[in-house]
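> Handing you this structure, nothing more for now.
The values are calculated or read from the model by the stated rules, or taken from the named source; none is laboratory data. Just so we're clear, the structure is a prediction, and the values are computed from it rather than from any experiment. Ideal geometry is used to build each Cβ from the backbone, glycine not excepted, and the neighbour counts take in all protein chains shown. Heavy atoms of the whole protein, side chains included, go into the accessibility calculation; ligands, DNA and RNA do not. Shrake-Rupley method; radii C 1.70, N 1.55, O 1.52, S 1.80 Å.
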Amino acid sequence: MPSKKALVRRPSPRLAEGLVTHVEREKVDVGLAVEQWEAYVEALRAHDWETVEVDPEDDCPDSVFVEDTVVMYKNVALITRPGAESRRLETVGVEEAVARLGCSVNWIWEPGTLDGGDVLKVGDTVYVGRGGRTNAAGVQQVRAAFEPLGARVVAVPVSKVLHLKSAVTALPNGTVIGHIPKVDRPSLFPRFLSVPEESGSHVVLLGGHKLLMAASAPKTAELLTDLGHEVVTVDIGEFEKLEGCVTCLSVRLRELYA
């Protein structure tokens, strides 16, 4: 059976120092952020996901955004080379974690840069955001790593948000969803659904028709419920101040076999 494992990483005490690019800096309540993270992890567990906690990196303020450190395709873990140099130490503990899980480990090498938040998988299509954190060499290396395994890699321009998955994610049927003002090229996606809120663009597929989303997108939650999905909401407001969303707080490993 396919796996339902999710890598997560406890917030750093220095979380409030995390990078911001497309938003104004706001004060972050680290204690509240830890509570929100624990509720997020519990929501995964409540829907039959086994959470694997990566060793914390207390000196890396952005380390809770574990998705940026590795991209999974089948059983291959592609360790990233984050576009922000200050984040590159975050990959060490993640590499150790995926190796312990039996993944085949590959790496992005200089001059390539890649943030995992720039990668959206829809079936065997791997969309890679080409923007502030991921460069052309990074896209080329994703193609070299995954296309021999059956993937089709598509580069997507990203200029209005931090990462591709800050703009778009996908529903279980493969329909890509996004908030139009934040999406550079909606026409690149064969099926696209516009949602009314920016944070409504972000969903984690929990299994079946269950979607995990931020509590800050009630209109989108209503829309997706009307389409037949079961929406599970979590408050991640402190992470949203740092351009975080529900996708970047975990790495879902769906294709590991025992």
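> Just subtract the alpha-carbon distance of ASP124 and GLU255 from 0.36 nm times their residue separation and send over the number in nm, one decimal. Working shown, then result.
Values: separation 131, 0.36 × 131 = 47.16 nm, distance 1.24 nm.
Extra length available between ASP124 and GLU255 comes to 45.9 nm.
> While we're looking at this one, here's another question. For the chain, report the accessible area per residue in Å² (1.4 Å probe, heavy atoms, rounded to an integer). Numbers along the way, then the final one.
Working: 11010 Å² over 258 residues.
Ligands and nucleic acids excluded, the figure is 43 Å² per residue.
> Could you work out [θ]222 nm for the chain from helices alone, using -39500 (n - 2.57) per DSSP H run of at least four and dividing by all its residues? Round to the nearest 500 deg cm²/dmol.
Working: 6 runs with 55 residues, N = 258.
Calculated from helices alone, the mean residue ellipticity at 222 nm is -6000 deg cm²/dmol.
> On to the next question. Return, ordered by residue number, the residues of segment 148-188 whose backbone nitrogen is under 17 Å from a label point located 7 Å along Cα→Cβ of SER194.
Residues 167-169, 176-188 qualify, since their backbone N sits under 17 Å from the label point.
> Related question: Report the label-to-label distance for VAL92 and ALA215 in nanometres (one decimal), using points 7 Å from each Cα along the Cα→Cβ vector.
Each label point lies 7 Å from its Cα, and together they span 3.6 nm.
> Right, something else. Starting from the 7 Å offset along Cα-to-Cβ, what nm value, one decimal, do you get for the label separation of ALA39 and ARG100?
Computed distance between label sites ALA39 and ARG100 equals 2.9 nm.
> Now a separate question. For the chain, what does the relative contact order come out to in percent, with C-alpha contacts under 8 Å and a separation of six or more? Working shown, then result.
On the way: 556 pairs, mean separation 58.1, N = 258.
Answer for the chain is 23 percent.
> If you count only protein heavy atoms and use a 1.4 Å probe, how large is the accessible surface of ASP226, to the nearest 10 Å²?
120 Å²
> Give me the number: length gained by fully extending THR233 to LEU19, i.e. 0.36 nm times residue separation minus the C-alpha to C-alpha distance, one decimal in nm. Walk me through the intermediate numbers first.
Values: separation 214, 0.36 × 214 = 77.04 nm, distance 2.51 nm.
Gain on extension, THR233 to LEU19, equals 74.5 nm.
> For PHE146, what accessible surface area do you get with a 1.4 Å probe? Give it in Å², rounded to 10.
0 Å²
> Residues in segment 156-170, backbone N under 19 Å from the label point at ALA136 (7 Å along the Cα-to-beta-carbon vector): list them, ranges by number please.
Taking a point 7 Å out along Cα→Cβ of ALA136, the residues of segment 156-170 whose backbone N falls under 19 Å are 156-159.
> To continue, here is another question. Determine the shape class of the chain: with a ≥ b ≥ c the square roots of the Cα gyration tensor eigenvalues, call it rounded for a/c under 1.5, and otherwise prolate if a/b is greater than b/c, oblate otherwise. All intermediate terms of the calculation are to be shown ahead of the outcome.
Details: a/c = 1.18, a/b = 1.05, b/c = 1.12.
Rounded.
> Given contacts defined as C-alpha pairs under 8 Å and at least six residues apart, what's the relative contact order of segment 37-154, whole-number percent?
Working: 175 pairs, mean separation 25.1, N = 118.
21 percent.
> Still on this model: Rounded to whole Å, give me the distance from the Cα center of segment 59-92 to that of segment 242-257.
11 Å
> Just want the answer: with Cβ charges of +1 for Lys and Arg and -1 for Asp and Glu, which residue in TYR73, VAL246, HIS163 is farthest toward the dipole's positive end in segment 3-256?
Positive-end residue among those listed: TYR73.
> Under a 5 Å amide H to amide H cut-off, with H placed in plane at 1.01 Å, what residues pair with ASN106 once short-range neighbours are removed?
Answer set, sorted by chain and number: ALA77, LEU78, ILE79.
> What span do the alpha-carbon atoms of segment 171-258 cover on each of the three principal axes, reported in whole Å from largest to smallest?
Cα spread of segment 171-258 along its principal axes, largest to smallest: 43, 33, 26 Å.
> In nm, to one decimal, how far is the modelled label at LYS182 from the one at ARG152, with both set 7 Å along Cα→Cβ?
The two pseudo-label positions are separated by 2.7 nm.
> Just read off the accessible area of ARG254 with the full protein assembly in place, 1.4 Å probe, to the nearest 10 Å².
Spelled out: ARG254, probe radius 1.4 Å, area about 90 Å².
> Please name whichever of PRO82, VAL183, GLN36 sits farthest to the positive end of the charge dipole of segment 3-256, dipole taken about the Cα centre and charges placed at Cβ: Lys and Arg +1, Asp and Glu -1.
It is VAL183, whose Cα lies furthest towards the positive end.
> Compare HIS22, HIS209 by solvent-accessible area with a 1.4 Å probe and give them largest first, with all protein chains kept in place. Could the numbers behind the result be given before it?
Values: HIS22 90, HIS209 115 Å².
Correct descending sequence by accessible area is HIS209, HIS22.
> For the chain, with only Lys/Arg (+1) and Asp/Glu (-1) charged at the beta-carbon, what is the dipole magnitude about the Cα centre, in debye rounded to 20?
On the way: 28 positive and 37 negative charges, 207 e Å.
Rounded to the nearest 20 debye, it is 1000 debye.
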